[in-house]
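The values are calculated or read from the model by the stated rules, or taken from the named source; none is laboratory data. Computed from a predicted structure; not experimentally measured. Cβ: placed from backbone, ideal geometry, glycine included. Neighbour counts: every protein chain shown.
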Amino acid sequence: MSEQRIISVAFDADVKITGEVIVEEPFRCFSGVKLVNTFCGSFSYIANNTSITSSRIGRYCSIGDYTSILSNHPTKYLSTSPIFYYSGWFGEDFITKSPLLTNDGDFKLTVIGNDVWTGSGAKIKTGVTISDGCVIGAGSIVTKDTEPFMIYAGVPAKPIKQRFSDKVIEQIISSKWWEYDITKIKDIDWSNPVASIDAINNADLKKYNARKFLVKNESDGSVMGYLVN
């Protein structure tokens with residue numbers, strides 16, 4: 001694993017990294033964000049004061065400010081307190097015969113698909129899958145898996161309407177356009193989804209093989225990236 005200064009991955013000040021956080025380039029993370037054991041895909045950004053735990057975020061995602069992807073606690077232990085399942089929570093390992101859970105796979109993974117937009121203050125339950133193309137309204141609380149290219153809003157979040165017709169959604173899903181660097185295509189009216197997909201399908205693009213970086217906080221609080229592929 002070699003050290004490399006990140007050019008196309010940008011982190012603002014006061015970003016806290018915990019555990020294994022890997023990002024694909026290009027990627028943008030604004031101030032006050034907390035990332036714990038998370039993977040973030042190319043062309044995505046995370047806005048201010050967002051908290052994300054044990055998640056996989058796809059490409060071309062727009063994660064709005066104050067979005068929270070929540071952590072979870074075991075409910076079958078004597079207590080839900082992290083001292084009973086998290087090693088070193090108060091600085092010293094708790095001596096116990098019960099298994100200590102870790103951030104390496106004991107917690108449910110939350111999956112955010114590609115081209116997902118979460119509005120300001122959206123909250124997502126641990127272990128939920130937000131499908132490709134979804135929009136989550138501001139302040140909504142998502143407690144269940146979602147359908148692709150659907151707009152959700154409310155507490156709890158409910159489907160409001162599809163972004164496109166069934167036929168267009170099928171064409172978009174089949175194209176898997178998020179596997180490509182669509183900035184390579186010029187002079188396209190992206191407000192016309194059907195014409196956009198036709199242009200992508202006819203562009204003879206190669207799948208985008210993004211560089212990946214393991215990111216960590218340095219002693220001064222800045223974020224450093226280490227090339228992992």
Worksheet item: Going by the conditions given, is Asn209 polar (S, T, N, Q) and in contact (Cβ under 8 Å) with a residue 24 or more places away in the chain?
Response: no
Worksheet item: When you look at Arg56, is it within 11 Å of the chain's Cα centre (by Cα) and either surrounded by fewer than 22 Cβ atoms within 10 Å (Cβ to Cβ) or farther than 25 Å from Val135 by Cβ (or both), yes or no?
Response: yes
Worksheet item: Pick from region 188-229 the residues that are among the aromatic types (Phe, Trp, Tyr) and either within 19 Å of Gly19 (Cβ to Cβ) or touching a helix residue (DSSP H, G or I) at 6+ places or on another chain (Cβ under 6 Å) (or both): which of them is surrounded by the fewest Cβ atoms within 10 Å (Cβ to Cβ)?
Response: Trp190
Item to complete: Within region 119-144, count every residue that is in contact with a Gly (Cβ under 7 Å, 6 or more places away or on another chain) and farther than 23 Å from Ser174 by Cα.
Response: 8
Discussion item. Taking the conditions exactly as written (touching a strand residue (DSSP E or B) at 6+ places or on another chain (Cβ under 6 Å), β-branched (Val, Ile, Thr), farther than 29 Å from Ser31 by Cα and surrounded by fewer than 17 Cβ atoms within 10 Å (Cβ to Cβ)), does Ile185 satisfy them or not?
Written reply: no
Discussion item. Quick test of your reading of the structure: Met150 fulfils all but one of (1) without any contact (Cβ under 8 Å) to a residue 60 or more places away in the chain; (2) out of contact with any Pro (no Cβ under 6 Å at 6 or more places or on another chain). Name the failing condition by number.
Written reply: (2)
Practice prompt. Just give me the residues in region 109-126 being within 18 Å of Cys40 (Cβ to Cβ) and in a loop (DSSP other than H, G, I, E, B), in sequence order.
Written response: Leu109, Gly113, Asn114, Asp115, Val116, Ala122, Thr126
Item to complete: Could you tell me whether any residue of region 181-194 is without any contact (Cβ under 8 Å) to a residue 24 or more places away in the chain, part of a loop (DSSP other than H, G, I, E, B), within 19 Å of Phe43 (Cα to Cα) and among the aromatic types (Phe, Trp, Tyr)?
Response: yes
Practice prompt. Could you check how many residues of region 153-180 are of a type in the set (D, E, K, R), within 20 Å of Val142 (Cβ to Cβ) and touching a residue at least 12 places away in the same chain (Cβ under 8 Å)?
Written response: 1
Practice prompt. Check whether at least one residue in region 105-117 is of a type in the set (Ser, Thr, Tyr), at pLDDT 65 or above and either in contact with an Asp or Glu (Cβ under 7 Å, 6 or more places away or on another chain) or surrounded by 14 or more Cβ atoms within 10 Å (Cβ to Cβ) (or both), and report yes or no.
Written response: yes
Item to complete: Select, from Ser174, Ser219, the only residue that is part of a helix (DSSP H, G or I) and among the hydroxyl-bearing types (Ser, Thr, Tyr).
Response: Ser174
Worksheet entry | Ile151 vs. criteria of a type outside the set (Ser, Thr, Tyr), modelled with pLDDT of 95 or more, buried (at least 17 other Cβ atoms within 10 Å of the Cβ) and not in a loop (DSSP other than H, G, I, E, B) | yes
